[in-house]
Structures are given as C-alpha cells and as structure tokens.
Amino acid sequence: MNREQYLKELQRYLRRLPKEDYENAMEYFTEYFEDAGEDHEAEVIRELGTPKEAAAELLSALLREKTASTALSSEVAGDADHQNSKTQSRRYRAGDPIPENGKKSSPLSILLIVILSICAAPIAAPLAIAALMMLLAGVIVVLAVILCIFVCSISAVIAGVYSVFTAFHLLPASVSGFLVIAGAGLLSTGFGILFFVAGAFFCRWLVVALARFIQKRIDERREKR
C-alpha cells in the first residue's frame with residue numbers, strides 16, 4: 001500500500017466528520033507523509049498502522065479535545081483534560097497535536113464523532129452494536145430532558161406574563177395586590193428563562209458526559225487487545 005492508497009482508504013473512515021474537522025484531519029495526515037518524504041512512506045504506514053487504526057486513534061483524540069473544550073468543569077480540570085488530549089494526539093506526531101479550529105463544538109457534532117469513533121474502533125461487532133445502543137439510549141434520555149425543560153420553562157414564562165397583565169387590572173382596587181401579583185409574575189418569568197438557560201447547559205453536559213463514558217469503555221477494550 002502506498003501513500004495515495006492509504007489516504008484514500010483513510011478518507012472512508014473520516015469523510016462523515018464535520019467539514020472543517022475532516023479537512024484538518026486529512027491535511028494533518030497528508031503533511032505527515034510529505035514531511036517524511038517518499039523514501040519513508042513505508043515507515044510512516046507502519047508507524048500509523050492500518051487506515052482503520054489510524055482513523056480510530058485520531059477520532060479518539062479528537063473526541064477528547066472536543067469534550068475537554070466543551071465540558072462545564074473547573075478551569076483546572078479543563079486544563080488537565082486538554083493536556084491529556086494533547087498527550088494522546090502525540091501518537092501521530094511527536095509534539096504536534098491534532099489541529100483545532102478553536103470553536104466550541106455543538107452536541108450534535110460530538111455525537112457524530114462518537115458514532116464514527118465506535119464504527120472505526122478495533123473492537124468486536126457485538127461490542128460496537130452495544131455501544132451504539134447505549135448511545136441511542138443516552139440520546140433519548142437527553143431529548144426527554146430537553147422536552148421537560150422546554151415545557152416547564154415555557155409554562156413558567158406564560159404564567160408569569162399572564163400574572164403581570166392580570167395585576168394591572170387590580171391596580172385601581174389594590175396597590176398592594178398589584179405589587180404582589182406583578183412581583184410573582186416577574187419572578188415566574190425570570191425563573192422560566194433561567195431554568196431554560198441552565199437546562200441548555202445541563203443537556204450539553206449530559207452529551208459530553210455520555211461521549212466521555214463511551215469513549216472510556218472503547219479505550220479500555222482497546223487496551224485489553
């Protein structure tokens with residue numbers, strides 16, 4: 001297998017990545033071969049392993065970087081995870097981590113990378129199917145949580161706005177009643193908005209936690225091989 005064949009087969013495992021991540025990954029491997037030179041192509045291929053193994057390693061490192069940059073954790077923990085992800089990515093090229101685009105990843109892109117990582121991982125088919133089923137169950141749970149948060153938030157905002165308008169009808173009769181009901185309405189509206197924002201961050205955290213859990217299981221299985 002020469003360089004062109006290797007890169008072409010590698011594309012099969014990486015082409016469903018988000019466009020920017022795919023281009024960065026292919027550019028990374030292309031430059032790796034170019035830096036080594038034509039005389040060292042065979043040595044580079046032995047170092048990287050099969051295209052499937054190289055794709056699995058890259059997807060694993062990429063997922064670590066995505067979750068490390070997205071997770072809601074302390075600054076110290078975030079720095080530690082980022083350093084770990086860079087250490088993993090040095091399997092490709094000493095001292096040269098996988099290129100990053102500097103943007104926060106959406107939960108959907110993280111889930112896509114998890115799926116690709118499972119499919120490319122050198123694990124048995126039953127284990128891959130089990131991991132995909134686990135991922136599907138986790139996605140269903142996240143969607144259920146999002147629906148509950150959305151319904152509760154909208155209900156609180158509607159109730160709050162209705163209470164504020166109702167309070168104005170009581171203003172001529174009772175100023176104190178107006179203040180109590182209007183205050184409760186504003187509180188309900190604020191709570192609904194706050195609950196929605198907090199829920200969005202919580203759902204992002206759930207996706208990242210699920211991705212990390214599945215990736216950890218895959219890494220453990222890979223180490224046992």
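The values are calculated or read from the model by the stated rules, or taken from the named source; none is laboratory data. Quick caveat: nothing in here was measured; it's all calculated off a predicted structure. Counting neighbours? That spans all protein chains shown, and the Cβs are built from the backbone with ideal geometry, glycine included. Keep in mind that these areas ignore ligands, DNA and RNA; they rest on the heavy atoms of the full protein, side chains included. Shrake-Rupley method; radii C 1.70, N 1.55, O 1.52, S 1.80 Å.
Data overview
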| quantity | calculated |
| --- | --- |
| Total residues in segment 146-184, condition surrounded by 18 or more Cβ atoms within 10 Å (Cβ to Cβ) and under 30 Å from L206 (Cβ atoms) | 5 |
| Looking only at segment 16-67, and only at residues there that are open to solvent by less than 10 Å² (accessible area, probe 1.4 Å) and polar (S, T, N, Q), the one that is nearest to V114 (Cα to Cα) | S60 |
| Inter-residue pairs, beta-carbon under 7 Å, first over 13 Å from L59 (Cα atoms) and in contact (Cβ under 8 Å) with a residue 40 or more places away in the chain and in segment 11-34, second of a type in the set (S, T, Y) and in a helix (DSSP H, G or I), 6+ apart | none |
| Every residue from segment 1-25 that is in contact with a Pro (Cβ under 8 Å, 6 or more places away or on another chain) and of a type in the set (D, E, K, R) | E9, R12 |
| Residue that is assigned to a helix (DSSP H, G or I), more than 30 Å from A55 (Cα to Cα) and open to solvent by 60 Å² or more (accessible area, probe 1.4 Å), where the choices are L187, L143 | L187 |
| Every pair of residues 6+ apart whose Cβ atoms lie under 7 Å, when the first sits in segment 154-171 and is on the phi < 0 side of the Ramachandran plot and polar (S, T, N, Q) while the second is open to solvent by less than 40 Å² (accessible area, probe 1.4 Å) and part of a helix (DSSP H, G or I) | S163/G185; S163/S188 |
| Sole residue being modelled with pLDDT under 70 and out of contact with any strand residue (DSSP E or B) (no Cβ under 6 Å at 6 or more places or on another chain), chosen from I123, I154 | I123 |
